Amino acid sequence: MAEGDSCWVVVLVGGVVGFILVVVLNHFWPLLFKGKGGTVPKGSFGWPLLGETVSFLKPHSSNSVGAFLHDHCSRYGKVFKSHLFFSPTVVSCDPELNYFILQSEGKLFECSYPKPIHGILGKVSMLVAVGDTHKRLRNAALSLVTITKSKPEFLHDIENIAIQILDSWKNKPQVIFCEEARKFTFNVIVKQVLGLTPEEPETSEILEDFLTFMRGLISLPLYIPGTPYARAVQARSRISSTVKAIVEKRRAGRRNNNNDDDDDNNNSKKNSDFLEILLSVDTLSEDEKVSFVLDSLLGGYETTSLLMCMVVHFLSHSPAALQQLKVINEALRHGNVVKFVHRKALKDVKYKGYLIPSGWKVLPVFTAVHLDPSLHANATQFHPWRWE
């Protein structure tokens with residue numbers, strides 16, 4: 001009995017040691033990569049498995065590049081290698097390489113967000129789709145948005161929601177602008193995409209689930225009940241069910257149309273509705289249409305509201321700019337709403353003596369370009385007139 005127990009202990013210890021060796025070798029093996037016709041950028045890989053991800057994601061002010069990029073750019077230059085998001089990675093803080101990466105989308109590089117993000121966004125989300133699927137979804141999105149924005153009701157709805165938000169401030173001793181901006185953008189998007197007003201119960205239901213969804217979007221990807229990630233996945237499922245119910249309700253309304261005068265008026269309004277146009281698109285499946293609605297909420301809610309907050313913040317420190325309202329480009333540069341994007345090399349890519357190996361993750365970092373003092377004088381200062 002004792003000998004049998006000893007054998008199991010040896011097997012267990014051997015398995016653990018073997019697993020650790022595999023993890024370590026898998027982590028550091030890419031460091032030995034030697035390509036033909038170029039050199040992989042200098043850099044470091046950090047700890048096995050996690051690499052340097054924790055340091056890379058460490059919070060910092062939006063008008064700085066953060067300690068990680070400052071340190072690595074100082075040591076290795078504007079293009080360096082690292083190990084981020086469980087993958088060997090080339091990080092680019094170089095404006096020309098960033099432009100090259102984005103212009104080579106689908107040819108040399110493709111979208112490559114971490115797998116856990118797919119679990120939250122869904123497999124048919126435009127944000128994670130690649131190749132022909134992404135092109136089809138993107139073309140449909142551009143067409144839908146162009147048609148919707150050309151309708152006179154678009155600006156009218158935005159004006160009405162803005163007035164409602166401002167009216168709600170009358171009896172408040174103070175307002176938290178970021179919360180109000182998020183409320184405004186969410187109400188606008190839900191009205192444009194689903195035809196819902198702030199007063200309808202579905203709106204508050206979607207908002208509650210959407211906030212849970214947002215909290216888990218960037219979190220530790222552990223699907224364990226009670227974790228932010230698990231709650232986010234469940235929230236997305238509930239939002240999908242709510243959207244599908246709204247879609248079916250709209251379809252039922254179309255089928256039950258009695259062609260009287262009132263219905264003609266209703267149809268006239270619905271024909272300018274984003275959801276009505278979306279339902280008529282034959283190139284998208286039902287799941288893709290639902291996912292498209294979620295992508296619209298995600299794409300417009302956080303980025304738009306954050307940009308509004310940045311503009312107000314910067315204007316409060318620049319009265320002269322407030323008088324002339326020359327702020328949008330500078331707010332985008334100085335605020336850095338989107339700091340970087342995820343891409344993956346589809347083949348070995350040679351660029352200015354650098355070699356980006358096939359399969360490696362590539363992160364074009366926009367923040368580093370926006371705050372580069374060699375490109376923008378006094379880069380850390382808000383100065384709208386630099387764009388004149």
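Can you tell me the Rg and the Dmax, both Å, for the Cα atoms in segment 123-234?
Both quantities, over Cα of segment 123-234: 17.3, 53 Å.
How many percent of the accessible area of the chain is carbon or sulfur, using a 1.4 Å probe?
60 percent
Hey, what D do you get for segment 59-171 in µm²/s if you plug the Kirkwood alpha-carbon radius into Stokes-Einstein at 20 °C and 1.002 mPa s?
Estimated diffusion coefficient is 116 µm²/s.
With a 10 Å cut-off between alpha carbons and a GNM built on the chain, which of N336, N63, N160 moves the most?
Of N336, N63, N160, the Gaussian network model singles out N160 as fluctuating most.
Taking the 0 to 90 degree range and rounding to the nearest ten, how far is the long axis of helix 152-167 tilted relative to the main principal axis of the chain, both from C-alpha atoms?
The helix 152-167 is inclined about 90 degrees to the chain.
Using amide H atoms built in the peptide plane, which far-off residues or other-chain residues are under 5 Å from L355 H to H?
Amide H neighbours of L355, under 5 Å, 5+ apart: T39, V40.
Of L298, L121, L325, which has the largest mean-square fluctuation in a 10 Å C-alpha GNM of the chain?
Among L298, L121, L325, the largest mean-square fluctuation in the Gaussian network model of the chain belongs to L325.
Excluding ligands and nucleic acids, what accessible area in Å² is computed for D167 using a 1.4 Å probe, to the nearest 10?
Rounded to the nearest 10, the figure is 80 Å².
For the chain, with a Gaussian network of springs between Cα atoms less than 10 Å apart, report the residue from L294, L142, L127 with the top mean-square fluctuation.
Looking only at L294, L142, L127, the biggest GNM fluctuation is shown by L142.
So if I place +1 on the C-beta of Lys and Arg and -1 on the C-beta of Asp and Glu, and nothing else carries charge, what would the dipole magnitude of segment 49-160 be about its Cα centre? I want it in debye, nearest 20.
The calculated dipole for segment 49-160 is roughly 300 debye.
With everything on Cα atoms, drop me the angle between helix 286-316 and the longest principal axis of the chain, reported from 0 to 90° to the nearest 10.
On a 0 to 90 degree scale, this one is about 90.
Roughly how large, in nm² to one decimal, is the mean projection of the convex hull of the alpha-carbon atoms in segment 263-388?
Its average projected convex-hull area is 13.4 nm².
Would you kindly calculate the mean projected area, averaged across all directions, of the convex hull enclosing the Cα atoms of the chain, in square nanometres?
Averaged projected hull area, Cα only: 27.7 nm².
Using modelled backbone amide H atoms (1.01 Å from N, in-plane), which distant-in-sequence or interchain residues come within less than 5 Å of F340's amide H?
Correct list: F366.
Taking the full set of protein chains and a 1.4 angstrom probe, give the accessible area of M214 in square angstrom, rounded to the nearest 10.
40 Å²
Please figure out what share of the DSSP beta bridges in the chain is antiparallel and state it in percent, rounded to the nearest 5.
Antiparallel bridges: around 70 percent, rounded to the nearest 5.
Skip the ligands, DNA and RNA, and give the accessible area per residue of the chain with a 1.4 Å probe, whole Å².
56 Å²
Would you please give the residues with an amide H less than 5 Å from that of G43, counting only those at least 5 places away or on a separate chain, with H modeled from the backbone geometry?
Long-range HN contacts for G43: K81.
The values are calculated or read from the model by the stated rules, or taken from the named source; none is laboratory data. This structure is a prediction, so every number in the text was calculated from the model and none was measured. Cβ: placed from backbone, ideal geometry, glycine included. Neighbour counts: every protein chain shown. Quick note on the areas: whole protein, heavy atoms, side chains included, nothing else; ligands and nucleic acids left out. Shrake-Rupley method; radii C 1.70, N 1.55, O 1.52, S 1.80 Å.
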